[in-house]
1. Here are GLY525, GLY567, GLY540, GLY554: which of them is on the phi > 0 side of the Ramachandran plot and either hydrophobic (A, V, I, L, M, F, W, C) or surrounded by 20 or more Cβ atoms within 10 Å (Cβ to Cβ) (or both)?
2. Between a residue in the stretch 507-523 that is over 14 Å from ASN232 (Cα atoms) and any residue that is surrounded by 20 or more Cβ atoms within 10 Å (Cβ to Cβ) and among the acidic types (Asp, Glu), which pairs come within a Cβ distance under 6 Å, given they are 6 or more apart or on different chains?
3. Within the stretch 41-53, is even one residue assigned to a helix (DSSP H, G or I), touching a residue at least 24 places away in the same chain (Cβ under 8 Å) and either in contact with a strand residue (DSSP E or B) (Cβ under 6 Å, 6 or more places away or on another chain) or of a type in the set (D, E, K, R) (or both)?
4. Might you check whether a residue that is over 24 Å from PRO19 (Cα atoms), over 15 Å from the mean Cα position of the chain (by Cα) and small (Gly, Ala, Ser) occurs anywhere in the stretch 375-385?
5. Just the residues that are crowded, with 19+ Cβ neighbours inside 10 Å, of a type outside the set (D, E, K, R) and within 18 Å of the chain's Cα centre (by Cα), please, taken from the stretch 434-460.
6. What pairs can you find where one residue is in the stretch 185-209 and farther than 15 Å from GLY355 by Cβ and touching a residue at least 12 places away in the same chain (Cβ under 8 Å), the other is of a type in the set (Asp, Glu) and buried (at least 19 other Cβ atoms within 10 Å of the Cβ), and their Cβ atoms are less than 8 Å apart, with a gap of 6+ or different chains?
7. Would you point out which residue out of ASP299, ASP323, ASP346 is surrounded by 22 or more Cβ atoms within 10 Å (Cβ to Cβ) and of a type in the set (Asp, Glu)?
Amino acid sequence: MAATDTDLLASDIAWDLDPLLDGADGPMVLLDQAEGIAETLRAHRGSIATLDADGLLAVMTALAELSSLVSRAGHYTSLRFAENTGDAEVAAAMQAVNERSTAISTSLIFIDLEWADTDDAHAAAVLADERLAFCRHHLENLRRYRPHQLTEPEETVLSETSLAGSSAWVRLFEEQTSAIEVGLPDDLGGRVGLMSALAHLHRPEPEVRESAAAAVTAGLAPGLRTRAFIYNTLLLDKSIDDRLRGYPSWITSRNMSNEASDESVQALIDAVVSRYDIPQRWYALKAEILGVDRLRDFDRMASVTAGGSAEIGWAAGTRIVRDAYASFSDELAGIVGRFIDERWIDAPVRPGKRGGAFCAYGVPEHHPYVLLNWTSTARDVSTLAHELGHGVHGYLAREQGIFHQSTPLTLAETASVFGETVTNNRLLDALDDPEDRFSLLAATLEDSIATVFRQVAMNRFEHSCHTHRREVGELSVDLFGEYWAASQEAMLGDAVEVTDGYRTWWSYVPHFIATPGYVYAYAYGQLLALSVYARYREAGDSFVPAYLDMLRAGGSMSPESLTSIVGCDLTDPGFWSAGLDIVEGQLDAAVDAARAAGRL
């Protein structure tokens, strides 16, 4: 039965955010409650460093309750803003909540600062108390920042001015990019949002891709100078913060939050860059498959499916994902079903809606939420499987409490990529037709290339921008374009032509703006997840309990300890090379399938 327009657009799949308020009459009521707790906590000023286990337990229990209230209020308003970034009333409400939340947290800065200054022996003795297990790893991590902390008055100034500084620029960027409209030809939909226009780059028809790419470049042009100014401002802001805190490089603070050393992250980046031959080899083969001498940048994501790409409705897409998760774990499938059935997902494309996709954990007492921009493509099915991986991870880790529910970014992608891989391999096992198998293998490989190699190339772009801003000064629009093109050309080699129009496409990527240094975590997570999946293929069903234990552990221990649960050794120098070998194996499998299908 053909999918209806409602099903293809997922137009009635909207989340219900009201439960986040927990019965309160608006987010400010939650913040009133949080302020009451903050007032009692402020009475502990000057005593945190000497608290015994009983005293620290009381403080951290109250702080957990306060953090939950603030998080509920913040997530409610930020998720409503994501629904429509052009709604001035919602934007104002979000800003008011952010300002009030910042004021509360600023008044409690002394807790982290005093704890970090606690004598090592005293800290170890207090944290040995099992009653503090719910916050132990969090408190241990805080002490790592002692060399980079400022005085309380300085930290207070930076905290209070952040909403008029970096946070304001991030919000402006989100509003600017969410409002971008792309003028496609009428037969491709006319004026559409940026995400809808980018979806056409997966189309098999070269003229459609070229037309869509030209329209995207034109759509990015009007606000380009403004977005460049925003990025320049944030580059300067971060350089000042890093200098004041004594961080040796632009990426150090991100690495510390990921509980990774600068050296280990550089080892990952170097390992990926050294294997740029993998994407280059694939794109050269893809050009042969598509019957062209050389791909252009907007051809990289072209569908290689013979006969075009079919539209996939919401019902069919969710059925595929449910079945895939059920093939691995009934428990995970049940959680996935709740996301789909209980209004935990917001799926349709709407004017002003934030682009892309994400999963927001919220608070441990409440379920996470998933935002999508559903355009009825096979890639949307993979995105759904990916984001629901985040969702089940956050759901299972709720028992760790608000201090330990979330993992460092380097592990945050593990469950999502694993879920996506399970979905793709579940589909592959059911396919007998060589053409169908090739199409899926090619899509899986391209996802790995995009997640590992493209993200590291974007890390190299970031590195160039941050370094230039610190050593030379402000970057022009043209210079941003040069660094973007250079980072892409290094990865693509001679296999792909980077066109002049593509030089401005850096300017809609939100990670550069909101979370500098984030992108390498995708490569980290992808290679880790592939290694974890390889363990599953070796061990079979006996692997499942250990995997679920790792998810349930959330961020309650170090990345090395978490991944050791499933038999991965992040301290092994050959770990990343082994993960890259898996990606090369995907390439070899795709090539073999292409030959079997008569495409080469």
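1. Values: GLY525 fails: on the phi > 0 side of the Ramachandran plot; GLY567 fails: either hydrophobic (A, V, I, L, M, F, W, C) or surrounded by 20 or more Cβ atoms within 10 Å (Cβ to Cβ) (or both); GLY540 fails: either hydrophobic (A, V, I, L, M, F, W, C) or surrounded by 20 or more Cβ atoms within 10 Å (Cβ to Cβ) (or both).
Within the list GLY525, GLY567, GLY540, GLY554, the selection yields GLY554.
2. If the second residue must be surrounded by 20 or more Cβ atoms within 10 Å (Cβ to Cβ) and among the acidic types (Asp, Glu), the pairs left are TYR522/GLU413.
3. Yes; the residues of the stretch 41-53 include at least one that is assigned to a helix (DSSP H, G or I), touching a residue at least 24 places away in the same chain (Cβ under 8 Å) and either in contact with a strand residue (DSSP E or B) (Cβ under 6 Å, 6 or more places away or on another chain) or of a type in the set (D, E, K, R) (or both).
4. yes
5. Filtering the stretch 434-460 for residues crowded, with 19+ Cβ neighbours inside 10 Å gives 437-449, 451-460.
Filter once more, so that each one left must be of a type outside the set (D, E, K, R): 438-445, 448-449, 451-453, 455-459.
The answer is SER448, ILE449, THR451, VAL452, PHE453, GLN455, VAL456, ALA457, MET458, ASN459.
6. What qualifies is PRO206/ASP299; ARG209/ASP299.
7. Working: ASP299 fails: surrounded by 22 or more Cβ atoms within 10 Å (Cβ to Cβ); ASP323 fails: surrounded by 22 or more Cβ atoms within 10 Å (Cβ to Cβ).
Criteria check complete, one pass: ASP346.
Quick grid of which residues meet (1) more than 25 Å from SER264 (Cβ to Cβ); (2) among the basic types (Lys, Arg); (3) in contact with a strand residue (DSSP E or B) (Cβ under 6 Å, 6 or more places away or on another chain):
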{"site": "HIS463", "(1), (2), (3)": "no, no, no"}
{"site": "MET491", "(1), (2), (3)": "no, no, no"}
{"site": "VAL496", "(1), (2), (3)": "yes, no, yes"}
{"site": "TYR520", "(1), (2), (3)": "no, no, no"}
{"site": "TYR524", "(1), (2), (3)": "no, no, no"}
{"site": "ASP541", "(1), (2), (3)": "yes, no, no"}
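The values are calculated or read from the model by the stated rules, or taken from the named source; none is laboratory data. Since the model is a prediction, treat every value here as computed from it, not as a measurement. Here Cβ is always computed from backbone atoms with ideal geometry, including for glycine, and neighbour counts include all displayed protein chains.
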